[in-house]
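S.K.: Input: one structure, supplied below.
The values are calculated or read from the model by the stated rules, or taken from the named source; none is laboratory data. If you're wondering where the values come from, they're calculated on a predicted model, not measured in any experiment. In this analysis, Cβ positions are derived from the backbone assuming ideal geometry, glycine residues included, and neighbour counts consider all displayed protein chains.
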Amino acid sequence: MKKQRLSQLINMALIGFETGAILLLLGDLTQYVLLDPEGANLFEIIYGVIAVILSLIIFYESNKKFYPLTDWQYQGNLLVFEVSFFVGIFIAKIIIDLFI
């Protein structure tokens, strides 16, 4: 049982990390290609809200394969997903800043 729970948490961490990195890369590429610098701040705010909403939808759909879950397991999965989501954003941002 503990091995299955660890597998769930690792899966949530990987999905969160991938989602964060991909959404940041898509947002930055869209911003560099399509927007002028004056409109970039508003785009970042709107895109950030959309990215968080999409990440929660991805989390919900990814969690369906683990049902039935207790409330504590669900909240633990959410915590791991969100932390790894923002770690993915942070690492992708560092990589982008190094190369661009």
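S.K.: Filter region 63-77 down to the residues that are touching a residue at least 60 places away in the same chain (Cβ under 8 Å) and out of contact with any helix residue (DSSP H, G or I) (no Cβ under 6 Å at 6 or more places or on another chain) and list them by number.
M.R.: Step one: of region 63-77, the residues touching a residue at least 60 places away in the same chain (Cβ under 8 Å) are 73, 76-77.
Answer for region 63-77, where residues must be touching a residue at least 60 places away in the same chain (Cβ under 8 Å) and out of contact with any helix residue (DSSP H, G or I) (no Cβ under 6 Å at 6 or more places or on another chain): Gln73, Gly76.
S.K.: Could you give me the residue pairs with C-beta distances under 6 Å whose first residue belongs to region 85-99 and is modelled with pLDDT of 85 or more, whose second residue is among the polar types (S, T, N, Q) and outside any helix (DSSP H, G or I) wherever it lies, and which are 6+ apart or on separate chains?
M.R.: That search, which allows pairs on different chains as well, returns nothing.
S.K.: Checking Ile10 against (1) at pLDDT below 85; (2) closer than 17 Å to Phe81 by Cβ, only one condition comes out false. Which one?
M.R.: Condition (1) is where Ile10 drops out.
S.K.: What are the residues in region 46-74 that are within 23 Å of Lys3 (Cβ to Cβ) and within 16 Å of the chain's Cα centre (by Cα), if any?
M.R.: As a first pass, look at region 46-74 and keep what is within 23 Å of Lys3 (Cβ to Cβ): 59, 62-74.
Within region 46-74, Phe59, Ser62, Asn63 qualify.
S.K.: Quick one: count up the residues across region 13-60 that are charged (D, E, K, R) and modelled with pLDDT of 85 or more.
M.R.: Of region 13-60, the ones charged (D, E, K, R) are 18, 28, 36, 38, 44.
Cutting the leftovers down to modelled with pLDDT of 85 or more gives us 18.
Counting residues in region 13-60 that are charged (D, E, K, R) and modelled with pLDDT of 85 or more gives 1.
S.K.: Among the residues of region 62-75, write down those that are assigned to a helix (DSSP H, G or I) and modelled with pLDDT under 85. If you could, list the steps in order and put the result at the bottom.
M.R.: Taking region 62-75 first, the residues assigned to a helix (DSSP H, G or I) are 62-66, 71-75.
Within region 62-75, Ser62, Asn63, Lys64, Lys65, Phe66, Asp71, Gln73, Tyr74 meet the criteria.
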